[in-house]
Amino acid sequence: AQSVSQHNHHVILSEAASLELGCNYSYGGTVNLFWYVQYPGQHLQLLLKYFSGDPLVKGIKGFEAEFIKSKFSFNLRKPSVQWSDTAEYFCAVCNQGGKLIFGQGTELSVKP
Amino acid sequence: DTAVSQTPKYLVTQMGNDKSIKCEQNLGHDTMYWYKQDSKKFLKIMFSYNNKELIINETVPNRFSPKSPDKAHLNLHINSLELGDSAVYFCASSQGDLAGGANVLTFGAGSRLTVL
């Protein structure tokens, strides 16, 4: 069965530190890849997405992610985090069947 | 102008009761979804409707019954509530299915259900 794995359950960083959140998926075919963010008490919002083309995609708020097909990975990065980036981050994969599968989420806490 | 709106936002009820959560989207999307987020924040799809037709039905107890009166609404009715049904339920919508390329999910704010 298709699955999405986020390796870090909880990440704690100081402001201005660099961020990388890992995401791996298990599916051999064509996939569409997403990162969503859920700020405390809010709904999920799209950070960025990859469908085709340049494997390095840029999203909102300075986030970017790189699709590495050979590693089945879609890691999220930000060079310098802010306190306002404190949130839950979800990687998600959609296969050709149209079903969006989410990873278990990574909680990011940024200390001011 | 809320794009995907769910009601109620909070719902506290006793075991064995029947309850409904309503969802409406004003984006003109043709596909709507229900996701369940458990206490560990894990999100799992439950149902998906396209133009009022059920297209995804995950392994969900048949106590859960979605109803789509039109493509802008997808309600979730739950019979005989159990403790394990406590979760946050998110409604979402998209234009077309997500395998199509440019489509993304737009989520509602969530409905937190607590079963006592």
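The values are calculated or read from the model by the stated rules, or taken from the named source; none is laboratory data. Please read these numbers as outputs of a predicted model, since none were measured by experiment. All Cβ positions, even for glycine, are placed from backbone atoms using ideal geometry, and neighbour counts span all protein chains on display.
Residues in the stretch B:68-86 that are under 17 Å from B:Met15 (Cα atoms) and surrounded by fewer than 20 Cβ atoms within 10 Å (Cβ to Cβ): B:His77, B:Asn79, B:Ser80, B:Glu82, B:Leu83, B:Gly84, B:Asp85, B:Ser86. Among the residues of the stretch B:40-82, those that are assigned to a loop (DSSP other than H, G, I, E, B) and without any contact (Cβ under 8 Å) to a residue 12 or more places away in the chain comprise B:Lys40, B:Lys41, B:Phe42, B:Thr59, B:Pro61, B:Asn62. Here the stretch A:1-51 is the region considered, the condition is being within 15 Å of the chain's Cα centre (by Cα) and among the charged types (D, E, K, R), and the residue that is farthest from the other protein chains (Cβ to nearest Cβ) is A:Glu20. Considering only the stretch A:83-95, I want to know if a residue exists there that is surrounded by fewer than 18 Cβ atoms within 10 Å (Cβ to Cβ), at pLDDT below 95 and either away from chain B (no Cβ under 14 Å) or within 24 Å of B:Lys44 (Cα to Cα) (or both). Scanning the stretch A:83-95, I find no residue that is surrounded by fewer than 18 Cβ atoms within 10 Å (Cβ to Cβ), at pLDDT below 95 and either away from chain B (no Cβ under 14 Å) or within 24 Å of B:Lys44 (Cα to Cα) (or both), so the answer is no. Evaluate the stretch B:10-31: report whether one residue or more is among the β-branched types (Val, Ile, Thr), over 15 Å from B:Pro69 (Cα atoms) and either touching a Gly at 6+ places or on another chain (Cβ under 9 Å) or modelled with pLDDT of 95 or more (or both). Yes, the stretch B:10-31 contains a residue that is among the β-branched types (Val, Ile, Thr), over 15 Å from B:Pro69 (Cα atoms) and either touching a Gly at 6+ places or on another chain (Cβ under 9 Å) or modelled with pLDDT of 95 or more (or both).
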